[in-house]
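The values are calculated or read from the model by the stated rules, or taken from the named source; none is laboratory data. These numbers were taken from a predicted model, which means no experiment stands behind them. FYI the Cβ positions are ideal-geometry reconstructions off the backbone, even for glycines, and counts take in every protein chain you see.
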Amino acid sequence: MDFNRRVLQEAQDKRVPLIERIRFIGIFSNNLDEFYKVRYATVKRIAQMEAELDSVAGQKAEQLLQEITQKTTALQDDSFATIRQLTEELKNEQIFVLNEQMLDETHAAFVHRYFNEKVSPSLLTVIISEQTRMPNTKGSNVFLGVRLEQANATEPMYALIEIPSHLDRIVVLPARGEKQYVMLLDDLIRHQMQYIFSIFSPTSVKAYMVKFTRDAELDFDDDMNKSYIDKIASSVRERVDGDPVRFVYDKKIEPDILELLLDKFQIGSRDSIIPGGRYHNRRDYMKFPSLGRTDLLYDKAPPLPIKGFSLDHAILAQIAKRDYLLYTPYHSFAYVIKFLREAALDPKVKSVFITIYRLSDDSQVANALIQAARNGKQVTVQIELQARFDEESNIRYAEMLKNEGVRLVFGIPSLKVHSKICLTQRQEADKLMRYGFISTGNFNESTARIYTDYTLFTANQQILKEVNRVFNFLEKSYKVPSHKHLLISPFTTSTGFKERIEREIDLANEGKNALIRIKINNLTNYDMVEALYKASQAGVQIRMIVRGICCLVPGIKGFSENIEVISVVDRFLEHPRMVIFENGGDRDIFISSSDWMTRNLDNRVEVSCPIYDKEIQQELVDTFELSWNDNVKARWVNSNKKHDYRTNGAKALKSQEATYAYYKNRIETP
């Protein structure tokens, strides 16, 4: 939630282009939805179990639920104020957000036509009575609770309208000269209330938005006759019956309809009941239309080529000579696609192995794998069916790949496979040579445009031999992979990093320069936190860039005074995991799929890869330092200045812009 507070700051930052600020409100809302579906839901489960055991600890979980609700309410109030401010700023740009009471005849006629053609066919309307079966809800849904009064009726009538999720939430109305108009779908439906309920001839119709969120954790049955994929599919379907965890309502709602909806949705005392504003599900603001206003958007930053790595020449032949580093979105994701397409066509390539966690809706990666299978390659895909919120998509892709002759591996049910690895084997004379790539992020061309991630392309046979052992383990879990180069969860990631922390401690005790640089998304594993505290007390300098959750408190004199932690939130989502151990000048550097969370270190299959190429090592140090020196979009984490922007008196440096300039300069410099 602290990270999400930093996302909300982006919506409030006047240095961010106006339409992008509105889209950050959408990101903020989407993050909050996922938090409730997973984090809050988990705490609620703990509270329920502990209450059943009559445990004193259960009270702690109950208190945490209350604290979350209080914090959410404050954040929501802040976000509502931000939306109001942004709406006023849009007016200054001649962009007007209209509600149902602000339409003239021309706009009203447009809205009526739009409703009949686009909205009405998808509208689910339920009259609420004792016999009413409420609509199934997946994860999060928004509804309009409707209260109708009729001339001769003694009691009001109640209805529920589900807001169609597949329609554009923000409707662009006809412009008038330089003035542009948009309308939220909710208000467009409100405008048509008399039309929707015309058979009742209502004298009054009032509609209030409510939002309902369910527990989205997966529960598995133990039916041995079901396949793993069937169990996942069944569990995903059963989300519609998950326990409620949050109910957000318009604070102006009348008490009678609020009480009715709470009862019908079975909202209990452990659920987060939050009074809100007129609009919910503001995650749809992520798709706020551009309206042709490029002046209110981020400047375009087209992906750059990698210096010396040509898309016009054979990819594998270039990798055979040296390693290359891809850093999306600064570099083009086309290198990944070109690698896979070349492997699919090359008659000497015999096999392709890849792990898949999240794919884009129309995946070129999947297309290239299918092409390889059709060309007679042995294609093995480990696809993670438990990738949260992508389960249905991955099941669909699994079925598609299987039908094309791709060999599917689902890994070990107790261990999510979160590693990002790919391996090809190519027959060269009498040798089978390996080529591959190892990444910190998903092989997803959509997220590659907005997530920062490192991918190493390599033909290092020792590293790729160990990658091959990981794939062997995924098929035969009794074969624990042996390795000298990679760090692999759940076996050696934690111990490998702790051993290197101890080495820096030894160097500090010898009076030598000792430095650790860490860039990760989340730090929650207490063993790793304790190891860093110990290093700080020995005099090791530790610089950490932690995007999200951080359970370490820096800057405590005599305890963690040698640790500084910042978070960078900006245009792109900071997603890479990287660790740089100074090691007395002989740097030891890893890129990784793993955060320093217990789930990643002990309960998932993760791969951390060493970087041996000196030029790439320097590139990683350079890009880390650009982020570390950010004094525009960096915030302090867990310090007395929590959430404050970090300033250092130096010339303004926005690290993401500086990183793009760094790579642009590399390709322009001979």
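Close Cβ contacts (under 8 Å, 6 or more residues apart or on different chains) running from residues in region 73-94 that are assigned by TED's automatic domain parsing to the domain that holds residue 18 and more than 24 Å from residue 179 (Cβ to Cβ) to residues that are β-branched (Val, Ile, Thr) and part of a helix (DSSP H, G or I) comprise 79/25.
Of the helices (runs of 4 or more DSSP H) entirely within region 451-560, none holds at least 1 residues that are on the phi > 0 side of the Ramachandran plot and acidic (Asp, Glu). Checked across region 393-410, the condition of being closer than 23 Å to residue 335 by Cβ and either assigned to a helix (DSSP H, G or I) or out of contact with any strand residue (DSSP E or B) (no Cβ under 7 Å at 6 or more places or on another chain) (or both) holds for at least one residue. Hey, can you tell me all the residues within region 274-292 that are surrounded by fewer than 16 Cβ atoms within 10 Å (Cβ to Cβ) and either part of a helix (DSSP H, G or I) or touching a residue at least 12 places away in the same chain (Cβ under 8 Å) (or both)? Residues satisfying the conditions are 275, 287, 289, 290. Restricted to region 623-649, and to residues there that are under 22 Å from the mean Cα position of the chain (by Cα) and of a type in the set (Gly, Ala, Ser), the residue that is farthest from residue 330 (Cα to Cα) is 634. If only residues of region 426-451 that are among the β-branched types (Val, Ile, Thr) and out of contact with any helix residue (DSSP H, G or I) (no Cβ under 8 Å at 6 or more places or on another chain) are counted, the one that is nearest to residue 358 (Cα to Cα) is 447.
The condition of being in the same structural domain as residue 41 (by TED's automatic domain parsing), exposed (fewer than 15 other Cβ atoms within 10 Å of the Cβ) and in contact with a Ser or Thr (Cβ under 9 Å, 6 or more places away or on another chain) holds for only one of 149, 155, that being 149. A residue that is small (Gly, Ala, Ser) and touching a residue at least 40 places away in the same chain (Cβ under 8 Å) occurs nowhere in region 367-387. In region 152-168, the condition of being part of a strand (DSSP E or B), of a type in the set (D, E, K, R) and closer than 18 Å to residue 101 by Cβ is met by no residue.
In region 653-668, the residue that is nearest to residue 12 (Cα to Cα) out of those that are at pLDDT 95 or above and out of contact with any Lys or Arg (no Cβ under 9 Å at 6 or more places or on another chain) is 653. Taken as a whole, the condition of being under 23 Å from residue 29 (Cβ atoms) and either at pLDDT 95 or above or among the β-branched types (Val, Ile, Thr) (or both) does not apply to residue 126. Any chance region 584-596 includes a residue that's surrounded by fewer than 22 Cβ atoms within 10 Å (Cβ to Cβ) and within 16 Å of residue 505 (Cβ to Cβ)? Yes; the residues of region 584-596 include at least one that is surrounded by fewer than 22 Cβ atoms within 10 Å (Cβ to Cβ) and within 16 Å of residue 505 (Cβ to Cβ).
Scanning region 311-327 for residues that are in a loop (DSSP other than H, G, I, E, B) and within 30 Å of the chain's Cα centre (by Cα), we see that the one that is surrounded by the fewest Cβ atoms within 10 Å (Cβ to Cβ) is 311.
Checking every residue in region 166-187 against the condition of being of a type in the set (Lys, Arg), more than 26 Å from residue 245 (Cα to Cα), surrounded by 14 or more Cβ atoms within 10 Å (Cβ to Cβ) and touching a strand residue (DSSP E or B) at 6+ places or on another chain (Cβ under 8 Å) gives zero matches.
Looking across region 462-482 at every residue that is touching a strand residue (DSSP E or B) at 6+ places or on another chain (Cβ under 8 Å) and closer than 15 Å to residue 381 by Cα, the one that is surrounded by the most Cβ atoms within 10 Å (Cβ to Cβ) is identified as 467.
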